[in-house]
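Below you'll find the structure, written out as structure tokens, and then a few comments.
The values are calculated or read from the model by the stated rules, or taken from the named source; none is laboratory data. Predicted, not measured: the structure shown is a model, and the values here were computed from it. For neighbour counting, all protein chains shown are included, and Cβ atoms are generated from backbone atoms with ideal geometry for every residue, glycine included. With ligands, DNA and RNA removed, areas are computed over all heavy atoms of the protein, side chains included. Shrake-Rupley method; radii C 1.70, N 1.55, O 1.52, S 1.80 Å.
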Amino acid sequence: MSGSNAAIGVFDSGLGGLAVIKELTWLMPQENFIYFGDTARAPYGSRPPAQIIDFMHQSLRFFADRRVKMAVFACNTMTAVGLESARAYYSFPLVGMNTGARVALQKTRSKNIGVIATQATIASGKHGKTLKAVDPGVAVYPQACPKFVPLIEQGELDGPRLEAAAHEYLDPLREAGIDTLILGCTHYPLISPLIRRVVGPAVELIDPACETAMDARRCMVKQGVLAGPGRGSVRLCFSAGLDLAERLAAGVIPDRLTEFEHVDVQDYALPRRIS
Ligand code: DGL
């Protein structure tokens, strides 16, 4: 397939990006989507940046092979660590996760904003820099949450283990007086009822998935590659655990399920140089 009917590639380390594809399919129902979640190797967020970049290129080469017209990073970690350096390598446009900074700054009254994300995203400082570039008077409280993603990837969306981790990470933010919390990892909206319970009803939760979908649409309008009228398809590809992925996807995008596929993205690794 080529031209405007080509698919849009959407990818994440695993299941988190499903929340982004939900927004994308809602905003652009006429488009064909191909999602890749690297469930065999998630989480990415506690890996070294060089490895995250290596895995990112494997997904992007897979999309190049499938002749996508655009790729959307449904992963804050790969956006923070690899997006800018990846642009030079691909002929199709790349759209990263929106930081949610604009919406967070609109919502906050106390100017105390929390950011929860993976270790790699927090280490990049991306959210804090973006927030402070717009409003230097804002106080940012970054918190890495490495225990969340491994549990979510096992299909655990609530329960004592997650609850204990949530208190460990979120109680200090609540005590610091945040009134707005950016969910800076696409896995976290899957556990937003638990997060809401722990931070309390007064804290505004910001999920940047919707902003990201709007960024993607703006990019397509600019490139002139929107699909014509009709209803597009959704193909969901994973490197492991198709059963769990199917179950979770049925809860997240129930009206848009088409096909599932196992993809071994390591087929797209560059050969290692032997020295
Ligand atoms: N969902 C991803 C993100 O938004 C990565 C989570 C992980 O694999 O650690 O950062």
Reported set for the range 259-275 where residues are among the hydroxyl-bearing types (Ser, Thr, Tyr) and modelled with pLDDT under 75 is Ser275
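Conditions (1) within 15 Å of the ligand (Cβ to nearest atom); (2) charged (D, E, K, R), marked per residue:
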| position | (1), (2) |
| --- | --- |
| Gly114 | no, no |
| Ala120 | yes, no |
| Asp135 | no, yes |
| Gln143 | yes, no |
| Glu153 | yes, yes |
| Asp179 | no, yes |
Given the criteria more than 16 Å from the ligand (Cβ to nearest atom), open to solvent by 20 Å² or more (accessible area, probe 1.4 Å), of a type outside the set (Phe, Trp, Tyr) and closer than 20 Å to Ala19 by Cα, does Glu168 qualify?
no
If I ask for residues that are within 16 Å of the ligand (Cβ to nearest atom), open to solvent by 50 Å² or more (accessible area, probe 1.4 Å) and either in contact with a strand residue (DSSP E or B) (Cβ under 9 Å, 6 or more places away or on another chain) or of a type in the set (Phe, Trp, Tyr) (or both), which ones from the range 1-44 would you list?
Ala40
Before we move on, is Ile122 assigned to a strand (DSSP E or B) and buried (at least 24 other Cβ atoms within 10 Å of the Cβ)?
no
Just one listed residue, out of Arg47, Arg67, is at pLDDT 95 or above and away from the ligand (no atom under 16 Å from the Cβ), and it is Arg67
Given the residues Pro229, Pro193, Pro201, which is the only one that is away from the ligand (no atom under 16 Å from the Cβ), surrounded by fewer than 20 Cβ atoms within 10 Å (Cβ to Cβ) and closer than 23 Å to Gly16 by Cβ?
Pro193
Please work out which one of (1) under 19 Å from the mean Cα position of the chain (by Cα); (2) surrounded by fewer than 21 Cβ atoms within 10 Å (Cβ to Cβ) is the condition Cys185 fails and give its number.
(2)
Given (1) touching an Asp or Glu at 6+ places or on another chain (Cβ under 9 Å); (2) among the hydrophobic types (A, V, I, L, M, F, W, C); (3) within 14 Å of the ligand (Cβ to nearest atom), index of the condition Ile52 fails
(1)
Sole exception among (1) farther than 30 Å from Leu242 by Cβ; (2) in a strand (DSSP E or B); (3) within 16 Å of the ligand (Cβ to nearest atom) for Gly128, by number
(2)
Search the range 137-151 for residues that are under 11 Å from Gly45 (Cα atoms) and pair each with any residue that is open to solvent by 50 Å² or more (accessible area, probe 1.4 Å) and not polar (S, T, N, Q) when their beta-carbon atoms are under 7 Å apart and the residues are at least 6 apart or on different chains.
none
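Let's see how each residue does on (1) among the acidic types (Asp, Glu); (2) surrounded by fewer than 19 Cβ atoms within 10 Å (Cβ to Cβ):
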| residue | (1), (2) |
| --- | --- |
| Lys69 | no, no |
| Thr79 | no, no |
| Glu84 | yes, yes |
| Arg87 | no, yes |
| Pro93 | no, yes |
| Ala101 | no, no |
| Ala104 | no, no |
| Ile113 | no, no |
In the range 70-86, anything within 9 Å of the ligand (Cβ to nearest atom) and either within 17 Å of Ala216 (Cα to Cα) or without any contact (Cβ under 8 Å) to a residue 60 or more places away in the chain (or both) is listed as Phe73, Ala74, Cys75, Asn76, Met78, Thr79, Ala80
Scan of the range 16-29 for residues that are touching a Gly at 6+ places or on another chain (Cβ under 7 Å) and modelled with pLDDT of 95 or more, ordered by number:
Gly17
